[in-house]
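**Q** This is the structure I want to talk about, given as structure tokens.
Nothing in this text is a laboratory measurement; each read-out follows from the coordinates by a stated rule. Computed from a prediction, not measured in an experiment: that's the story for all the values here. As a convention, Cβ positions derive from the backbone with ideal geometry for all residues, glycine included, and neighbour counts pool all protein chains shown.
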Amino acid sequence: MKGDARRPASNPQRPADGQARAVVGPGKTAPTSGELAPRAMRQMARTAHHTGRRPATQRLLNRYRRRAPGEPRAIGYLYILPALALYGALLLFPFGQSVWLSLLHWDGMSAATWAGSDNYRDLFTDPDLRAPFAHALLLLVFYSALPVVIGLLLAALLSRAPVRGMTFFRTVLFLPQVLALVVVGVAWRAILAPDGLLNDTLRAVGLDAAARPWLGDYDWALPAVGVVGTWVGTGLCMVLFLAGAQRIPRELYEAARLDGAGPVREFFAVTLPGLRSQIAVALTLTIVAGLRNFDLIYITTSGGPGNSTSVPAYEVYHRAFETNEVGSAAAIGVALTVLIFVLTVTLSRLVEGRRT
Amino acid sequence: MISRTERTLTYAILALFTVVSLTPVLGIVSTALGSQSSLNTGFSLPDDGLHWGNFADAWSRGHFGTYLRNSVLVTLAVVAITTVFSVLAAYAFGVMRFPGSTALFYLFVLGLALPQEALVVPLYFDLRQLELTDTYWGLILPQAAQSLAFGVFWMRTYFRGSAQSVIEAARIDGANSWTTLWRVLVPMGRPAISTMVVIVFMWTWNEFLMALVMVSDEAHRTVPLGLAFFQGQHSSETALLAAAAVLIALPVVIVYVALQRRFIEGMLSGAVKE
């Protein structure tokens, strides 16, 4: 992303690169075909000539030369066409429709009426709509913050010494990421069930009072679903940070130790700054996954009990296809998109310390 | 410099997290092998032997034969379409220059963070209008479109990194852009392409919301959808439910164990980093 944004700015340095290639290109072919040699010379003469031109003309000519010889530039569009057509028709266009639908009152069948900003205002005023967003933000603690913190602590610990069998550990820790969330939901329902593993364990250690039907409890259902998200996300963060920590130069650790830094100082002075970009990636991935969290809620609680575990992703489905509030569903979808973009961009900017 | 205590602690913590990662997985496997009459939700291997028959029962009673066929068909189609279209588009974005290429590329990158929930509602009404709901195309086309965001982004990184000198050498040998792509760059890019293939395979195989919305008849159900309905109907039959879940997870897990490097590499790239 950054590279591309900077591309136009770096154009002034480009001519050198372009000229070099113009010379080297034909030069390479010279041995195989003699006819090309005069062209190479002509080209060299031309490049020499250009250095005196005005920058704008020069840039134009350089852009011309960078194109493949004999290749019309329009061919690029042809290569993109199939992907763009499909992507436009089934992703960009429906997203536009979502924005449009969000401005309407519509039950999916009869004629729609104009709603203006009503559906969006409801997101802030209607408690039934505010709750899912509040739940989603709370769940981000479990889906994003906890995995990142746990992952960092482990990476800090594990990066101090070489670990044997890392491939095995990485494979196992990452496993939750590749399982279908439907399967994850079924597996965790069994653990959190009234007579499931968690309650059995609690009773076995004498904590009978703590045992409860986790997913059916008004206060505990949301954290219980959150723990499932932590289970899914932690492996991803660990693997990401471990890979990153291995790329931190050993000398930095040695220098820190020579300066008398203990493990804690070492973590804050060397590991944490060294993992900045990995932390940004982890936050982006876990936040997007956490807010897209439909499958898990549908399988484990369906938003219940009451609406205590309802999240925006689930509410979109519920309203559009169960209670026929299509306009409202679309508004939730659009708001969710905005939330994802704002959160991921802000957080990764903060973490990477970039200023815009 | 690292003391023995610290080393032991390191392995102890790794072991702890390994157990945490595997507990739900082992729980469901042991439940799947338990007796059907047992209400035990796992974690104790059945004392009356392993009930491999549960898989056959789940297969026949849950109609998982049909669901698996649907999933295979949809997944193959989505992977094929995504691969070909992504390679073509990413090639243009990676090595050609034309007005608007950067803006168009960002349009694709946008799709990496766009939640399905913001598309699924109008998509349903559009596809119903076109009579594509309850068809394979209704499952294939939207998922292919969504996978393109990743495919184009991922493959462009490959084309950007592939040596300019190779492309120029091919050109000098008289190859046009089409033959350069298919004869030179695609064979060279097999690692990058296979990463994309396994990621799109996994996403499509595991996809739930799109299938839930687009399919209402049983004939077109994919496996995750089948499992959700199975849970609704047979929630008390824990052994069969667990067996069905294992059957569904198995194909992805097998590919993952064989190609874990590709999975991890691909999934961690999902955040736009360049």
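**Q** On average, how many beta carbons from a partner chain sit within 10 Å of the beta carbon of a residue in B:10-20?
**A** For this peptide, the per-residue mean of nearby foreign Cβ atoms is 5.
**Q** In addition: Give me the angle, in degrees from 0 to 90, between the Cα long axis of helix B:223-233 and the longest principal axis of the Cα atoms of chain B, rounded to the nearest 10.
**A** 30
**Q** With angles folded into 0 to 90 degrees, how steeply does helix B:4-32 sit against the dominant principal axis of chain B? Use alpha carbons for both and round to 10.
**A** Long axis of B:4-32 versus the principal axis of chain B: about 70 degrees.
**Q** Could you calculate the FRET efficiency of B:Ser235 with A:Arg130 from 1/(1 + (r/R0)^6), where r is the beta carbon distance between them and R0 is 30 Å, rounded to 0.05? Intermediate values should be presented prior to the final figure.
**A** On the way: r = 31 Å, r/R0 = 1.05.
The formula returns an efficiency of 0.45 here.
**Q** So, one more: Please report the orientation-averaged projected area of the range A:120-352, defined via the convex hull of its C-alpha atoms, in nm².
**A** Here the figure is 15.2 nm², rounded to one decimal.
**Q** Further question: Return the long-range amide H neighbours of A:His105 (sequence gap of 5 or more, or a different chain), with a cut-off of under 5 Å between placed amide H atoms.
**A** HN-HN under 5 Å from A:His105: A:Thr113, A:Trp114, A:Ala115.
**Q** Let me ask another. Between A:Leu78 and B:Gln164, take the C-beta separation as r, use R0 = 30 Å, and let me know the FRET efficiency to the nearest 0.05.
**A** Calculated value: 0.90.
**Q** Could you work out the mean count of beta carbons from other protein chains within 10 Å of each residue's beta carbon in A:236-242?
**A** Per residue, the average neighbour count from other chains is 2.
**Q** Could I have the simple spin-label model distance between B:Val20 and B:Ser216, label points 7 Å from Cα toward Cβ, reported in nm to one decimal?
**A** 4.4
**Q** Peptides A:210-223, B:226-239: what's the order by average Cβ count within 10 Å, highest mean first?
**A** B:226-239, A:210-223
**Q** For the range B:146-179, which trypsin sites (Lys or Arg not before Pro) are both in a DSSP coil and crowded by at most 16 other Cβ atoms within 10 Å?
**A** Counting only loop positions with at most 16 other Cβ atoms within 10 Å, none of the trypsin sites (Lys or Arg not before Pro) in the range B:146-179 qualifies.
**Q** Okay, next question. Along Cα→Cβ, 7 Å out, is where each label goes; now give me the distance between the ones at B:Ile172 and B:Ala56 in nm to one decimal.
**A** Modelled inter-label distance: 6.6 nm.
**Q** Let me ask something additional. Highest first, please rank the peptides A:256-263, A:273-280, B:206-213 by the mean number of other Cβ atoms sitting within 10 Å of their residues.
**A** Packing proxy ranking, top to bottom: B:206-213, A:273-280, A:256-263.
**Q** How many nm is it between the label spots at B:Arg128 and A:Ser110, if each spot is 7 Å from the Cα in line with the beta carbon?
**A** Spacing of the two 7 Å Cα→Cβ label points: 1.6 nm.
**Q** Here's something else I'd like to know. State the Cα centre-to-centre distance between the range A:93-169 and the range B:143-164 in whole Å.
**A** Each part's Cα centre sits 25 Å from the other's.
**Q** Give the average, rounded to an integer, of partner chain Cβ atoms located within 10 angstrom of each Cβ in A:96-106.
**A** 2
**Q** Say the dipole of the range B:66-268 comes from +1 at the beta carbon of Lys and Arg and -1 at that of Asp and Glu; which of B:Gln231, B:Val72, B:Ser101 then lies farthest toward its positive end?
**A** Of B:Gln231, B:Val72, B:Ser101, it is B:Ser101.
**Q** Something else now. What value, in deg cm²/dmol to 500, does the helix sum -39500 (n - 2.57) over DSSP H runs of n ≥ 4 give at 222 nm once divided by the residues of chain B? Before the final figure, lay out each step's value.
**A** Working: 12 runs with 189 residues, N = 274.
Taken over chain B, the calculation gives -23000 deg cm²/dmol.
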